[in-house]
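*Asks:* Below: one structure in structure tokens.
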Amino acid sequence: MARYRGPVEKIERRLGVCLNLKGERRLAGKSALEKRPYAPGQHGQRRSKISEYGLQLREKQKAKYMYGVSEKQFRNTFAEAHRIEGNTGENLIKLLEQRLDNVVYRMGFATTRKFARQLVTHGHILVDGRSVNVPSFRVKAGQKVEIIEKSKNNPQIVRAIDLTKQTGMVEWVDVDQDKKYGIFTRLPQRSEIVVPVEERLIVELYSK
């Protein structure tokens, strides 16, 4: 399935959780989910019992939409997480966190992962001084991620940095917001990654 390009707030309402798909509206406390905390459509306020499969599928959809990956990318990432020694679910989340578009988002250079992905694909990002335009590029501990010189005064990037200053940075990135670069200092522990996903259910889904 191709990457979803429709109304993102409908996705959050359908899944019943904030996935940080809207940037400024979320930071301003104006998200549609807060105003209408129920599924979209005329039957959205009805309560319905979800099957075990439905719960597992919903967790996969949360992770997929939140990190902005296609079905094929997500399945491949899961397969890689399964091959790595350790807990498959935790490995999955850690691998998704290492994506370059996610790291750009975590460093506060973008208010959403979608905008971060655009920055990467349009050539605004350097990794260790080299241009990288692949959002799925796996950032390693110690690598430097920065905005290219001619884009450092880009109004959207400057605006994003101003807005994300309020929320603070995650502990596994060290960012110089004035010079617009950051270091991916280490791989995060799963307990440090605050995402509304129960990866255990995703593992159960793919184990069938």
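The values are calculated or read from the model by the stated rules, or taken from the named source; none is laboratory data. On a predicted model such as this, the values are computed, not experimentally measured, just so you know. Glycine gets a Cβ as well: all are built from the backbone with ideal geometry, and neighbour counts include every protein chain shown.
*Asks:* May I ask you to list the residues in segment 159-208 that are of a type in the set (Gly, Ala, Ser) and within 23 Å of GLU90 (Cβ to Cβ)?
*Replies:* SER191, SER207
*Asks:* Right, ASN87: loosely packed, with under 15 Cβ neighbours inside 10 Å, of a type outside the set (Lys, Arg) and over 27 Å from LYS10 (Cβ atoms) or not?
*Replies:* It is false that ASN87 is loosely packed, with under 15 Cβ neighbours inside 10 Å, of a type outside the set (Lys, Arg) and over 27 Å from LYS10 (Cβ atoms).
*Asks:* Taking the condition free of Cβ contacts under 8 Å to residues at least 24 places away in the same chain and under 15 Å from TYR67 (Cβ atoms), does VAL120 pass?
*Replies:* On the way: free of Cβ contacts under 8 Å to residues at least 24 places away in the same chain: yes; under 15 Å from TYR67 (Cβ atoms): yes.
Judged against the criteria, VAL120 is a match.
*Asks:* Using the structure shown, decide if LEU119 is within 20 Å of GLU192 (Cα to Cα), modelled with pLDDT of 95 or more, among the aliphatic types (A, V, I, L, M) and within 19 Å of the chain's Cα centre (by Cα).
*Replies:* Values: within 20 Å of GLU192 (Cα to Cα): no; modelled with pLDDT of 95 or more: yes; among the aliphatic types (A, V, I, L, M): yes; within 19 Å of the chain's Cα centre (by Cα): yes.
Spelling it out, it is not the case that LEU119 is within 20 Å of GLU192 (Cα to Cα), modelled with pLDDT of 95 or more, among the aliphatic types (A, V, I, L, M) and within 19 Å of the chain's Cα centre (by Cα).
*Asks:* Then there's this: Return yes or no: is ILE193 surrounded by 13 or more Cβ atoms within 10 Å (Cβ to Cβ), farther than 18 Å from GLU97 by Cα and among the β-branched types (Val, Ile, Thr)? Walk me through it before giving the result.
*Replies:* Details: surrounded by 13 or more Cβ atoms within 10 Å (Cβ to Cβ): yes; farther than 18 Å from GLU97 by Cα: no; among the β-branched types (Val, Ile, Thr): yes.
So ILE193 does not fit the description; no.
*Asks:* Pairs needed: first member in segment 87-114, under 15 Å from VAL194 (Cβ atoms); second member anywhere, of a type in the set (Phe, Trp, Tyr) and part of a helix (DSSP H, G or I); C-beta distance under 8 Å; at least 6 residues apart or different chains.
*Replies:* LEU96/TYR67; ASN102/TYR67; TYR105/PHE115; ARG113/TYR67; ARG113/TYR105
*Asks:* Applying the selection to segment 184-196, what residues are in contact with an Asp or Glu (Cβ under 7 Å, 6 or more places away or on another chain) and in a loop (DSSP other than H, G, I, E, B)?
*Replies:* Matches in segment 184-196: THR185, PRO188, ILE193.
*Asks:* Tell me, which residue of segment 159-172 that is at pLDDT 90 or above and surrounded by 15 or more Cβ atoms within 10 Å (Cβ to Cβ) is nearest to LEU119 (Cα to Cα)?
*Replies:* Result: ALA160.
*Asks:* Every residue in segment 105-139 that is among the small types (Gly, Ala, Ser), at negative phi and touching a Lys or Arg at 6+ places or on another chain (Cβ under 9 Å), please.
*Replies:* Matches in segment 105-139: ALA110, ALA116, SER136.
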